[in-house]
Amino acid sequence: MSTHTRPARRTLGTTGPVTSALGLGCMGMSDLYGPADEAESIATIHAALDAGITLLDTGDFYGMGHNELLIHEALRGRDRESVQISVKFGAQRTPDGQWLGYDASPAATKTALAYTLRRLRTDHVDVYRPARLDPDVPIEETVGAIADLVKAGHVRHIGLSEVSADTMRRAAAVHPISDLQIEYSLLSRSIEASVLPTARELGIGVTAYGVLSRGLLSGHWGRDRALTGTDLRGHSPRFQGENLDHNLALVEALRGIATARGATVAQVAIAWVASRGQDVVPLVGARRRDRLAEALGALDVTLTEADLAAVEAAVPAGSAAGDRYAAAQMAHLDSEH
């Protein structure tokens with residue numbers, strides 16, 4: 001069990017579940033970040049649960065079902081009601097992992113959940129959300145379909161992912177939305193302009209992924225790190241050439257602040273996201289127990305106003321070089337942020 005402070009509780013919006021103040025994002029255990037060790041992944045989930053983390057985030061397209069099966073295995077013998085499982089759906093992929101687009105039509109929404117429940121071996125998911133806005137299906141229809149699943153008891157709460165302020169308003173008019181899952185970190189702050197204020201106006205919480213900017217802000221990334229063909233960072237503009245040099249220089253500026261605080265770069269980066277408000281729950285993507293232990297250490301880091309000012313000076317808003325996704329993936333984002 002971790003010797004760090006057990007995560008405090010936060011509520012996802014005004015209608016969502018009470019969760020731990022940190023969540024565990026499980027994607028990298030199955031997909032997109034190169035090879036992962038299944039036994040270590042399960043051990044990491046166990047360590048997270050033992051340390052008081054209750055929110056597990058996944059997607060049915062992470063390893064095309066593998067991640068959900070992994071979570072089922074990790075939860076075997078555990079109290080299901082003590083854990084909140086958040087699931088994204090809708091991404092369409094080929095057998096070799098290529099991206100085809102998104103389908104969040106009512107029929108696809110309900111079918112996807114049926115498969116998810118079977119893989120997780122559970123009768124409900126705590127938060128269900130489309131992974132991206134389906135440009136061919138009004139968000140009202142998607143949310144309406146999930147509302148049917150809520151009424152039937154298969155889903156506890158409805159979430160959204162990577163959508164604009166306007167889409168949030170339209171969705172919330174159909175059914176209460178618990179939280180918006182969206183990238184938010186020192187290197188990705190565009191939600192602060194309109195998305196975050198709108199979420200707060202509507203009583204929608206934020207589960208922030210990418211808090212370490214896919215490893216850039218971990219303090220462990222090196223210029224010469226080799227990436228496998230299955231690692232999405234090999235195609236990410238922020239990890240290429242001069243962009244990477246620029247971004248690693250920002251990390252070194254942050255390292256000076258972290259060292260002075262007796263913390264690591266990753267811990268300060270996570271603590272900064274957690275400091276954005278009680279309605280923000282950072283998701284940490286640890287795939288190993290040592291990285292999880294480091295992330296949990298962020299709970300012991302309280303950033304003072306002076307610390308926050310120093311962080312702001314070291315990594316100002318908009319200072320990252322390169323988009324957070326390759327152009328093809330950026331095209332699937334709900335344009336506004």
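Tabulated data
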{"quantity": "Residue among Asp136, Asp148, Asp126 that alone is closer than 26 Å to Val195 by Cα, acidic (Asp, Glu) and either within 20 Å of the chain's Cα centre (by Cα) or part of a helix (DSSP H, G or I) (or both)", "calculated": "Asp126"}
{"quantity": "Boolean, Glu81 is surrounded by fewer than 22 Cβ atoms within 10 Å (Cβ to Cβ) and more than 29 Å from Arg276 (Cα to Cα)", "calculated": "no"}
{"quantity": "Residues being outside any helix (DSSP H, G or I) and within 30 Å of Thr14 (Cβ to Cβ) - total across the range 246-291", "calculated": "12"}
{"quantity": "Hits in the range 84-101 - residues which are crowded, with 21+ Cβ neighbours inside 10 Å and assigned to a strand (DSSP E or B)", "calculated": "Gln84, Ile85, Ser86, Val87, Lys88, Phe89, Ala91"}
{"quantity": "Test: Arg169 is open to solvent by 10 Å² or more (accessible area, probe 1.4 Å) and either part of a strand (DSSP E or B) or on the phi > 0 side of the Ramachandran plot (or both)", "calculated": "no"}
{"quantity": "Neighbours by Cβ (under 6 Å, 6+ apart or cross-chain): first from the range 171-187, touching a residue at least 60 places away in the same chain (Cβ under 8 Å) and more than 30 Å from Leu254 (Cβ to Cβ); second among the β-branched types (Val, Ile, Thr) and surrounded by fewer than 24 Cβ atoms within 10 Å (Cβ to Cβ)", "calculated": "Pro176/Thr15; Ser178/Thr15"}
{"quantity": "Residue among Ser188, Ser161 that is within 22 Å of Leu55 (Cα to Cα) and of a type in the set (S, T, N, Q)", "calculated": "Ser161"}
{"quantity": "Tally, over the range 80-95, of residues that are among the polar types (S, T, N, Q) and in contact (Cβ under 8 Å) with a residue 40 or more places away in the chain", "calculated": "2"}
{"quantity": "Some residue of the range 117-136 being surrounded by 14 or more Cβ atoms within 10 Å (Cβ to Cβ), touching a residue at least 12 places away in the same chain (Cβ under 8 Å), among the hydrophobic types (A, V, I, L, M, F, W, C) and touching a Phe, Trp or Tyr at 6+ places or on another chain (Cβ under 6 Å)", "calculated": "no"}
{"quantity": "Where a residue in the range 96-109 is free of Cβ contacts under 8 Å to residues at least 24 places away in the same chain and its partner, wherever it lies, is of a type in the set (Lys, Arg), with Cβ under 7 Å and at least six apart", "calculated": "Leu100/Arg93"}
{"quantity": "Residue count, the range 258-274 (criterion: free of Cβ contacts under 8 Å to residues at least 60 places away in the same chain and open to solvent by less than 30 Å² (accessible area, probe 1.4 Å))", "calculated": "7"}
{"quantity": "Residues (part of a loop (DSSP other than H, G, I, E, B), closer than 14 Å to Leu12 by Cα and in contact with a His (Cβ under 8 Å, 6 or more places away or on another chain)) located in the range 178-218", "calculated": "Ser178"}
{"quantity": "Selection status of Gly277, surrounded by fewer than 22 Cβ atoms within 10 Å (Cβ to Cβ), modelled with pLDDT of 90 or more and within 22 Å of the chain's Cα centre (by Cα)", "calculated": "yes"}
{"quantity": "Residue check for Ala112: open to solvent by 10 Å² or more (accessible area, probe 1.4 Å), touching a Phe, Trp or Tyr at 6+ places or on another chain (Cβ under 8 Å) and more than 21 Å from His46 (Cα to Cα)", "calculated": "yes"}
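Conditions tested, residue by residue: (1) modelled with pLDDT of 95 or more; (2) touching a helix residue (DSSP H, G or I) at 6+ places or on another chain (Cβ under 7 Å); (3) part of a loop (DSSP other than H, G, I, E, B); (4) closer than 18 Å to Arg121 by Cα.
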| residue | (1), (2), (3), (4) |
| --- | --- |
| Gly28 | no, no, no, no |
| Ala36 | no, yes, yes, no |
| Ser41 | yes, yes, no, no |
| Thr44 | yes, yes, no, no |
| Ala47 | yes, yes, no, no |
| Ile53 | yes, no, yes, no |
| Leu56 | yes, yes, no, yes |
| Glu68 | yes, yes, no, yes |
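The values are calculated or read from the model by the stated rules, or taken from the named source; none is laboratory data. None of these values were measured; they are calculated from a predicted model. In this analysis, Cβ positions are derived from the backbone assuming ideal geometry, glycine residues included, and neighbour counts consider all displayed protein chains. With ligands, DNA and RNA removed, areas are computed over all heavy atoms of the protein, side chains included. Shrake-Rupley method; radii C 1.70, N 1.55, O 1.52, S 1.80 Å.
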